[in-house]
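Peer 1: My structure is below; once you've seen it, I'll send some questions.
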Amino acid sequence: MKKFLTYSFCFLLILFLWAFFVEPNWLGVKKYNIKNPQLAGLKIVFASDFHVSPDQINFLKKTVDLINQQNPDIVLLGGDFVKGRQKKSSLSAEQIADELGNIRSKYGVFAVLGNHDWWYDGNEVAQALTRNGIEVLSNQNVFINSPDKKFYVAGVDDFTTGKSDLATALKNTAQPLILLSHNPDIFPSVPKGVALTLSGHTHGGQIALPFYGAIFTSSDYGRRFAYGLIEENNRPLLVTKGIGTSILPLRLFCSPEIVVVNFI
């Protein structure tokens, strides 16, 4: 019995050290191929939930470098750039935006804000991003009009802390359209015809179990929209695990990621 307790303690200690020191810094690339003839050949890089603390500027630089290495056509950012409710717990919005301003893509960089951004100061975050060449979509859309690709990107304000208005975000758009929403809980209201909805917020649960998934999520729908590519009524939703951590500085079986979407 004593040996069992000793081994159990050692196992839990190793698991904790892994979840605290190793996995949160293990940034990877998750790739998806999504069939859509109208968007065939388009490559999106999607990154969300940065939650950059004051000592993580090098990790943010690493993230930007990894995004650029993917040679994206367009980069979409899903919000929660800052960390926590108090400014002292986060790298400043200006420093974060300054680093993100180094992202390069063919059609530009577009973003929505998340709940942490609004707790910090949504207007300050949005202005910092805008000054660094990142267009923030607050219930707005843009038309990407190039010789080889024509499509819309729409972004809704945060579902819980902002003033989310899906109808306004989609106004005067046409297919093909990509929707950006920090929180996936808006998905049941997304109309058919949206080529892809991209969301973060859940972090994939941050702590997951093999063959089960997230133990807990921040979604009102529980594990339904926790992570991955989800299709309901011929509508695709892609939820990323994100990059940073919130509440607990831990990740277990749920490592940080940026997402690459290749339309085929």
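The values are calculated or read from the model by the stated rules, or taken from the named source; none is laboratory data. Computed from a predicted model, the values in this text were never measured in an experiment. For neighbour counting, all protein chains shown are included, and Cβ atoms are generated from backbone atoms with ideal geometry for every residue, glycine included. Accessible surface areas use protein heavy atoms only, side chains included; no ligands, DNA or RNA. Shrake-Rupley method; radii C 1.70, N 1.55, O 1.52, S 1.80 Å.
Peer 1: If you scan the stretch 169-211, which residues turn out to be on the phi > 0 side of the Ramachandran plot and at pLDDT 95 or above? I'd like the intermediate steps shown before the answer.
Peer 2: Step one: filter the stretch 169-211 for residues on the phi > 0 side of the Ramachandran plot, giving 172, 193, 201, 203-206, 211.
The answer is N172, H201, H203, G204, G205, Q206.
Peer 1: Of all the residues that make up the stretch 1-47, how many are exposed (fewer than 10 other Cβ atoms within 10 Å of the Cβ) and either within 22 Å of the chain's Cα centre (by Cα) or outside any helix (DSSP H, G or I) (or both)? Working first, answer last.
Peer 2: Just the residues of the stretch 1-47 that are exposed (fewer than 10 other Cβ atoms within 10 Å of the Cβ), to begin with: 1-5, 35, 37.
From what's left, either within 22 Å of the chain's Cα centre (by Cα) or outside any helix (DSSP H, G or I) (or both): 1, 35.
The qualifying residues number 2.
Peer 1: Inspect all residues belonging to the stretch 122-134 and state whether any of them is within 19 Å of the chain's Cα centre (by Cα) and free of Cβ contacts under 8 Å to residues at least 12 places away in the same chain.
Peer 2: Yes: the stretch 122-134 contains one or more residues that are within 19 Å of the chain's Cα centre (by Cα) and free of Cβ contacts under 8 Å to residues at least 12 places away in the same chain.
Peer 1: Please report, ordered by residue number, the strands (runs of 3 or more DSSP E) entirely within the stretch 92-176 with at least 3 residues that are open to solvent by less than 20 Å² (accessible area, probe 1.4 Å).
Peer 2: 109-111, 150-155
Peer 1: In the stretch 233-260, how many are aliphatic (A, V, I, L, M) and open to solvent by 20 Å² or more (accessible area, probe 1.4 Å)?
Peer 2: Step one: list which residues in the stretch 233-260 are aliphatic (A, V, I, L, M), which gives 237-239, 243, 247-248, 250, 252, 258-260.
Keeping just the survivors that are open to solvent by 20 Å² or more (accessible area, probe 1.4 Å) gives 247-248, 250, 252.
Total meeting the criteria: 4.
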